[in-house]
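Laboratory data are not the source of any read-out in this text; all were calculated from the coordinates shown. Here the structure is a predicted model, which means the values were calculated and not measured. Here the Cβ is made from the backbone with ideal geometry for all residues, glycine too, and neighbour counts use every protein chain on show.
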Amino acid sequence: MSAVFKFENWRGAEPEPPSAEKVHKALIQLERIVKTYDAGDNEVQALRGVDLRIDRGEFAAIIGPSGSGKSTLMHILGCLDSPTEGRYWLDGEDVAALSGGALARIRNQKLGFVFQTFNLLPRATNLKNVELPLLYAGIDSDERRARALEALDRVGLKERAKHRPNQLSGGQRQRVAIARALVNKPSLILADEPTGNLDQKTGNDIIRLFEEVAEGGQTIVIVTHDPAIAARTQRRIKIVDGLVVSGEMED
Amino acid sequence: MLILEAIIDGIRDIKDHLGRTLLQLFGIILGAGSIVATFSLSVAGKEASMKFYRVSGGIERIWIGNKETGKITLDAKALASKGLTYADAVALRAEGKEIDLVSPVSQDQMTIRYGAKEKARDVMGVTPAYSPISFFHVQRGRFITDLDLQSTARVVVLGTTRAEEFFGSDDPVGKTISINGAGYLVVGVMEEKYFSFDQKRNALRWMNRNMYIPLTTMMTRKGEPLEQGRISFMHARMKDVKRHKEAVQEIERVLFRQHGTKDYQVFSRVANLQRNESEGKMYDVTFMICGIISLLVGGIVIMNIQLASFNERVREIGTRKAVGATPAQIFFQMLTESVLVSIFGGILGIFAGKFFTQGISMLTENPAIITPGVIMNALIFAAGTGLVFGMYPAIRASRLNPIEALRTE
């Protein structure tokens, strides 16, 4: 890593890396994140230099109109994509330059995802769905099962472990997905419009579940365009035109 | 651990889409089936011909027969040659270093009469060597002896079919039978020979139809002087199967010196066997190529269906990647599935092969044996097909971008 810093210093224009103390407190530290998509002749800048810090235990929302770059930001936060430029420290680890298998390992160990469309495997039981991250972590089947049951218990669906997702209501499916996000004890849970496919009441229940989980000290970031949901979080990070316009943390 | 999960997933996949899977596996089933059929027929064929040789004189037997040269010659010796003679047999026995037995045979159709029954039947004039060289022995009485030859005795030994034909259930030994008008004493009856390739027809039934008199007696009756007496064919026995080429060369050398022209032919059973084997190999290769082509087609079908189901499963793969499956893990999982599906096809193929084999075996009356080795071969080929053709879909799945995969509807 030091070799990289020397190179950056020689260029002279890049910021100093964050201090050890700052990194420790911060779970996420983004610096000058730029993401450019190559769309034929013209390049599209989805993110135009995002600086963002999210500390451990925060329950935050990323809001913004569609096309603002919030999905792109979520993909980068979720290590599903790499930034074109900039630095990203997640849990003290520099992940901006990682790719492929290494990013998969980070997702597996530090992240939990909750999607708008749940993305459960239809042919697997709920238990197997929740076990999935542990399977790829190489954890043996007894422990996988125990931890998956524990996670299902936390979302109140232990009795439905042997059912398949299509035997559940939408809200229950999202609970299974949350159990799957919790099972590997991630540093960060990222939820992308988690109530987008649910009616208002069910959506409320899901947000309540997130609140409970957040109270347990879990860091959660919800990406949403719904101001009512954003209002329930502790902090709202607003993105417009590929830049964070409000909700930045003051140092 | 992951492999176990992948196998469980694969089995569930086969179960959930049984119809599609069977369709997908048609090529593999046919391919594995023809491999099973090829191997089992060829293994059984080889074993059967070895057994046949073992009961009828062994692979050390050499056959020497007459042959028309078709050539016009001015060589005096060649012009004088009347084909194989008793003198040739004597010369071979005297000079042959590679052979230890020579059995000249003169064959002719004669009129046989006993009581009211009269039939035209083949009679063989033989020497005592005939019995050991053919692994064919008397069951009752005795065979032709040297003394019979020296005394040109009018004695006859019957095969079981002839004994039954003329004597029914009576014991022929000690009775006198008329051959071309002269009385012959029946001194023995041969054992009954039986060998079947198909458990139905006796491939050695012609041996039971023979009847034997001393070679000298036959020549005398035909009015030919013994030394120039013409013979129909000879058997010789080589001392060492490994030196079968030398034995044949030696016989040909002696005969050419005797005849001055190549009006004879010499075949060793060892050479026959080798020729059969190489011919068999050709059939094997042909069948194998058919099997491999079926497997290739089957593999392409597997690849196609894997790619089609891949589109169906893009979201699933995306989800797996989002929760942290590495490209290598996805690749491994997809490949395991293809291999598993084709092993399943291989197993069905073995049953198909058993069915083919029985069919071919019944139609062509060839024996067939399915050995564990044959089954292993079929399974290995099937699994290999899955491995090769599962590679491309697995690579595609492993390279899938999770963001795009999750975005697909």
Inset, instruction - With +1 on each Lys and Arg Cβ and -1 on each Asp and Glu Cβ, and nothing else charged, work out how big the dipole of chain B is about its Cα centre, in Debye to the nearest 20. - result: 420 debye
Inset, instruction - Assign unit charges at the C-beta atoms only (+1 for Lys and Arg, -1 for Asp and Glu), then state the dipole size of the stretch B:68-262 relative to its Cα centre in Debye, rounded to the nearest 20. - result: 260 debye
Legend entry - Estimated [θ] at 222 nm from DSSP helical runs (n ≥ 4, -39500 (n - 2.57)) normalised by residues in the protein assembly as shown, nearest 500: -16000 deg cm²/dmol
Inset, instruction - Holding the Cα-Cα limit at 24 Å, pick out from A:K25/A:K128; B:K67/B:K119; A:K158/A:K201; B:K51/B:K242; B:K193/B:K281; A:K70/B:K321 the pairs that are longer than that. - result: A:K25/A:K128; B:K67/B:K119; B:K193/B:K281
Legend entry - On Cα atoms only, tilt of A:170-182 relative to the major axis of chain A in degrees: 60 degrees
Legend entry - Overall dimensions of the stretch A:116-251 by Cα: Rg and Dmax, Å: 15.8, 48
Inset, instruction - Could I have the simple spin-label model distance between B:L204 and A:D241, label points 7 Å from Cα toward Cβ, reported in nm to one decimal? - result: 10.3 nm
Inset, instruction - List the relative contact order of chain A as a percent without decimals, with contacts defined as Cα pairs under 8 Å and 6+ residues apart. - result: 28 percent
Inset, instruction - Quote to one decimal, in nm, the extra length available between B:R54 and B:R407 on full extension: 0.36 nm per residue of separation minus the C-alpha distance between them. - result: 119.8 nm
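In square nanometres and to one decimal, what's the mean projected area of the convex hull around the Cα atoms of chain B?
Quarter of the Cα hull surface area: 29.3 nm².
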Legend entry - Order of B:K117, A:K70, B:K354 - criterion: other Cβ atoms within 10 Å of each residue's Cβ, fewest first: B:K117, B:K354, A:K70
Inset, instruction - Using Cα centres only, tell me the gap between the stretch A:51-74 and the stretch B:165-190 in whole Å. - result: 114 Å
Inset, instruction - Specify the angular offset, from 0 to 90 degrees and rounded to the nearest 10, of the alpha carbon long axis of helix A:2-11 from the longest principal axis of the alpha carbons in chain A. - result: 40 degrees
Legend entry - Shielding of A:132-138 by partner chains, average beta-carbon count, 10 Å: 6
Inset, instruction - Give, in whole angstrom and from largest to smallest, the semi-axes √(5λ) of the equivalent ellipsoid of the stretch B:123-253, with λ running over the eigenvalues of the Cα gyration tensor. - result: 26, 23, 12
Inset, instruction - Fewest Cβ neighbours within 10 Å first, please rank B:D88, A:D226 accordingly. - result: A:D226, B:D88
Legend entry - Sparse-neighbour loop sites [chymotrypsin sites (Phe, Trp or Tyr not before Pro); the stretch B:116-166; at most 16 other C-beta within 10 Å; DSSP]: B:F135
Legend entry - Sorted by Cβ density within 10 Å, fewest first, the residues A:R175, A:R48, A:R208: A:R208, A:R48, A:R175
Legend entry - GNM result for chain B, Cα springs below 10 Å: residue of B:G174, B:G188, B:G83 fluctuating most strongly: B:G174
Inset, instruction - Kindly give Rg over Rh for the protein assembly as shown, based on alpha-carbon atoms, with the Kirkwood expression for the hydrodynamic radius. - result: 1.36
Legend entry - J(HN,Hα) series, the stretch A:110-124, from Karplus relation 6.51 cos²θ - 1.76 cosθ + 1.60, nearest Hz, glycine and proline x: 10, 10, x, 10, 10, 9, 4, 9, 6, 6, 8, 6, x, 8, 9
Inset, instruction - Would you grab the residues whose amide H sits under 5 Å from the one on A:L47? Only those 5+ places off in sequence or on another chain, please, with H modelled 1.01 Å from N. - result: A:K35
Legend entry - Loop-located trypsin sites (Lys or Arg not before Pro) in the stretch B:80-114, at most 13 other Cβ atoms within 10 Å (DSSP): B:K82, B:K97
Legend entry - Fully extended contour minus Cα-Cα distance, from B:Q258 to B:M282, at 0.36 nm per residue: 4.8 nm
Legend entry - Long-range HN-HN contacts of B:L101 with modeled amide H, under 5 Å: B:R237
Inset, instruction - Name the residues whose placed amide hydrogens come within less than 5 Å of the amide hydrogen of A:R56, ignoring near sequence neighbours (fewer than 5 apart) on the same chain. - result: A:L27
Legend entry - R0 of 35 Å, Cβ-Cβ distance B:D108-B:K242: FRET efficiency to nearest 0.05: 0.40
Legend entry - Cα Rg over Rh - chain A, Kirkwood: 0.98
Legend entry - Shielding by other protein chains, A:70-82, mean Cβ within 10 Å: 2
Inset, instruction - Sketch the reach of a paramagnetic label on B:E191 as a point 7 Å from Cα along Cα-to-Cβ, and name the residues of the stretch B:117-147 whose backbone nitrogen lies under 20 Å away. - result: B:127-145
Inset, instruction - Please identify the helices of chain B, taking whole runs of DSSP H, that span at least 15 Å along their own axis as judged from the Cα atoms and have a mean Kyte-Doolittle score of -0.5 or higher. - result: B:2-16, B:26-55, B:269-312, B:327-364, B:372-399
Legend entry - Contact order relative to length of chain B, as percent, for alpha carbon pairs under 8 angstrom and 6 or more apart: 31 percent
Legend entry - Where trypsin sites (Lys or Arg not before Pro) fall in DSSP loop in the stretch B:132-226, at most 11 other Cβ within 10 Å: B:K200, B:R201
Inset, instruction - Determine ³J(HN,Hα), in whole Hz, for all residues of the stretch A:26-38 in sequence, where each value follows from phi through the Karplus function 6.51 cos²θ - 1.76 cosθ + 1.60 and θ = phi - 60°; x replaces Gly and Pro. - result: 7, 7, 10, 9, 9, 10, 6, 6, 10, 10, 10, 9, 8
Inset, instruction - Mind jotting down the distance between the C-alpha centroids of the stretch B:98-138 and the stretch B:222-298, whole Å? - result: 23 Å
